[in-house]
Ligand SMILES: Nc1ncnc2c1ncn2[C@@H]1O[C@H](COP(=O)(O)OP(=O)(O)OP(=O)(O)O)[C@@H](O)[C@H]1O
Ligand SMILES: [Mg+2]
C-alpha cells in the first residue's frame, strides 16, 4: 500500500531533519556573537562581564552545546522560534505572516508555468522541426537567456510605468500578484517548455507508440492517454523541484516587487544580521526540500505502477 | 485466387538512401510467409512499409503495394489507420514493448478495440477473453488487471499477439516474434501462431532468424539480402533445393545437434546507398564468376512451382 510506504518515508525523514537542524544550529552558534553580545550591540551599552555571565546563565548559554540545541529544538516545536531584534517581535508570527504571500506566489506562478509550458512543449514536440517548433524554441531560448531581474524590470517598465495598468510594488490584492507571477513564470515556462518537449519526444520514440499505431489507435489518444501520461512521470518531478525553490521564497523577485513573502523577509534579515529569522528560514528551507522530495516520491509512486508494486513486494 | 497481399517491384528508402530494392512478393490467405536474411537486410523495413509505419524518414519510392485490392501506397492516412489493427495486425520482437508499460493490459485492449468502433461492453469482454484463451492464456481476468511488467516474457508476447489478433485481422505481420524468448516458450508461441492461422485463416508474414521456426511453420520462404529478395519459393523447394549461393550458405549455417560444424558467411553485405556492380552477394560468394561482379542482370530465374532466385547460375 502506498500509505505504508509513505509512513516509512516520513520516518526516514526524522534523522535527516535532526541532522539539518543540528548543523544549522551549530553554524549559527559559531558564526554569530551570542544573544548577550547582540543585546549589547543593539542597546549600545556596555554590560559588565559579571552581569554578562549572570545573563548567560539565566539564558542557559553556559550549558553544553548539545543541551542548548535540544532546548532550542523543543522551543521550535512549541512555536517559540526566538525574537527578532530587527522587527521587535517574535519570529514565529512574523514568519507565519509572510508565508501566505509566498505560498500564493508559488501557486500562481506554477499554475501559469504549467498552463504555458505543457501545451507549448507538446506542440513543439509533435511538430518537431516544423515552423511551429522553431518559433516555440526561439522564444523559450530567449526566455531562458533573460535574467529574472531584467524581466522584472522590463515588466515593471511596460505594465506599471508606461501603461499604468498595474501597481508597481506591494500587495494590493489580485492585480499586484500579476507582475511577480509573470516574472517567475516566464523564466520557468521557457525552461519547462524545453523539458516537456524533450520528454514528449523521448516518449514518442518509445516502442509502445509504434505498438499503438500498429493497432490503429488514433493520434490524439496516443498523445493524451499514453505519451502524456508517461511524460507526466518526468514532468511532475521537475515541477516539484521548482515548487521547492519557489517556496523558499524567490528573494530577488520578492524584493523587487516588495512582495511580503519569506524571501524578502530573509533578505532583510540577512542584511541586518537578524539571526533568529535566518535560522528559522534555514529550517524552513530544509523542511521544504525534504517535504517536496517526499511528495514527489509519493506522486511518482502513485503514477508509476512499476515502482508502486516494487514497494509492495 | 488473388493474393491477400501483393508487393510488386517495391523500392523503399530512408532519408534518400535506398534500402529495399525491387521487392516482389505475394501472400495468400491462410498462408505463412517466412522472411529470412541477415541483420540489416531490410526485413523490418519491408514489414513497416506494408503497414505504413516507415516513419518520417522512410519513403516508398516506387512499386505497388496491395492489400485485398486496396492500394496501400495511395491510401488516405485516415483509411490506413482504420486498416491497422482491424485488418492488418503487427507483432514486434520484444515481448511487451508494444504495450504501454504503465497502463493495465485490459485498458490497452479496450483502447485497441475502441479505435475501431463502439462495441457492446459484454461483447468486448468475451471477445478479449476468448482471444486470450486462444493463446492458452486461461487466467484472462487476472492478466487484464495486470501491467505488462508483471508478466513473464513469454506471456507478454502471447498477450501482444492476442492484442494484435483481437479484431481478427486478415494479415498478421510478425517481426521476429520469438527471438527474444527462450527455446521452450518459442516453441509454444510458434505453435499458437499456427493455431491462430488455422482458426481464423490469417495470412502471416513472419520475419525470423531462426531456420528452425521457418522449417516448422512457414509455407513459403523469401530470402532477403541487401534489400532484395534473392530467393523465393515454397518451403520445401527452398530448404531442400536452394538455388542462390546465399540461401545455401544460410542453410549451411543452421546449427546442427550432431555432426557438421557451423559455417558462417565471411564478409559484409554492401553498404546501403553505395552503388555496386552486378550481384550484391558477389563479393562473398564462393561460386562467383567474373560476370557476377560486373554486368550481371538481376532478373528472377524461374525454377518452376513459383520458386525463383536472382542468381542466374543456380545449381543443385
Ligand atoms: N528509421 C530508420 N531510419 C534510417 N535508416 C533506417 C531506419 N530503420 C532502418 N534503417 C536502415 O535500414 C536498413 C535495414 O534495416 P532493417 O531494420 O529493415 O533490417 P532488418 O533486416 O530488420 O535487420 P534486423 O535483423 O537486425 O532486424 C539498415 O541499414 C538500417 O540501418
Ligand atoms: Mg528487424
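Throughout, read-outs are computed from the coordinates displayed, never taken from laboratory work. In this text, all values refer to a predicted model and were calculated from it rather than measured experimentally. Cβ coordinates were reconstructed from backbone atoms using ideal geometry, including for glycine residues, and neighbour counts include every protein chain displayed.
Go through the residues of region B:36-48 one by one and say whether even a single one is within 14 Å of chain A (Cβ to nearest Cβ), under 28 Å from residue B:217 (Cα atoms) and more than 9 Å from ligand 1 (Cβ to nearest atom). Scanning region B:36-48 turns up no residue that is within 14 Å of chain A (Cβ to nearest Cβ), under 28 Å from residue B:217 (Cα atoms) and more than 9 Å from ligand 1 (Cβ to nearest atom).
Within region A:285-305, can one find any residue that is closer than 30 Å to residue A:156 by Cα and in contact (Cβ under 8 Å) with a residue 60 or more places away in the chain? No, every residue in region A:285-305 fails to be closer than 30 Å to residue A:156 by Cα and in contact (Cβ under 8 Å) with a residue 60 or more places away in the chain.
Counting only helices (runs of 4 or more DSSP H) that sit completely within region B:128-202, those holding 2 or more residues that are within 21 Å of residue B:51 (Cα to Cα) and more than 16 Å from ligand 2 (Cβ to nearest atom) correspond to B:153-165, B:183-200.
Scanning region B:156-173 turns up at least one residue that is within 14 Å of chain A (Cβ to nearest Cβ), touching a residue at least 12 places away in the same chain (Cβ under 8 Å) and within 16 Å of ligand 1 (Cβ to nearest atom). Specify the residue that is surrounded by the most Cβ atoms within 10 Å (Cβ to Cβ); the eligible residues are those in region B:14-35 that are near ligand 1 (Cβ under 9 Å from one of its atoms) and more than 17 Å from the chain's Cα centre (by Cα). Looking at the filtered set, the residue picked out is B:14. Cβ separations smaller than 6 Å between residues 6+ apart or across chains give the following pairs from region B:65-85 residues that are more than 9 Å from chain A (Cβ to nearest Cβ) to residues that are assigned to a strand (DSSP E or B): B:65/B:7; B:66/B:6; B:67/B:5; B:72/B:65; B:73/B:60; B:73/B:65. Filtered by the rule that a residue be within 13 Å of residue B:311 (Cα to Cα) and under 19 Å from the mean Cα position of the chain (by Cα), region B:225-245 gives B:225, B:228, B:229, B:230, B:231, B:232. Exactly one residue out of B:265, B:254 is over 30 Å from residue B:104 (Cα atoms), outside any helix (DSSP H, G or I), more than 18 Å from the chain's Cα centre (by Cα) and more than 16 Å from ligand 1 (Cβ to nearest atom), and it is B:254.
Scan region B:138-146 and tell me whether some residue there is within 13 Å of chain A (Cβ to nearest Cβ) and within 27 Å of residue B:25 (Cβ to Cβ). There is no residue in region B:138-146 that is within 13 Å of chain A (Cβ to nearest Cβ) and within 27 Å of residue B:25 (Cβ to Cβ).
One residue stands out among those in region B:221-245 that are out of contact with any helix residue (DSSP H, G or I) (no Cβ under 8 Å at 6 or more places or on another chain) and part of a helix (DSSP H, G or I): the one that is nearest to ligand 2 (Cβ to nearest atom), which is B:245.
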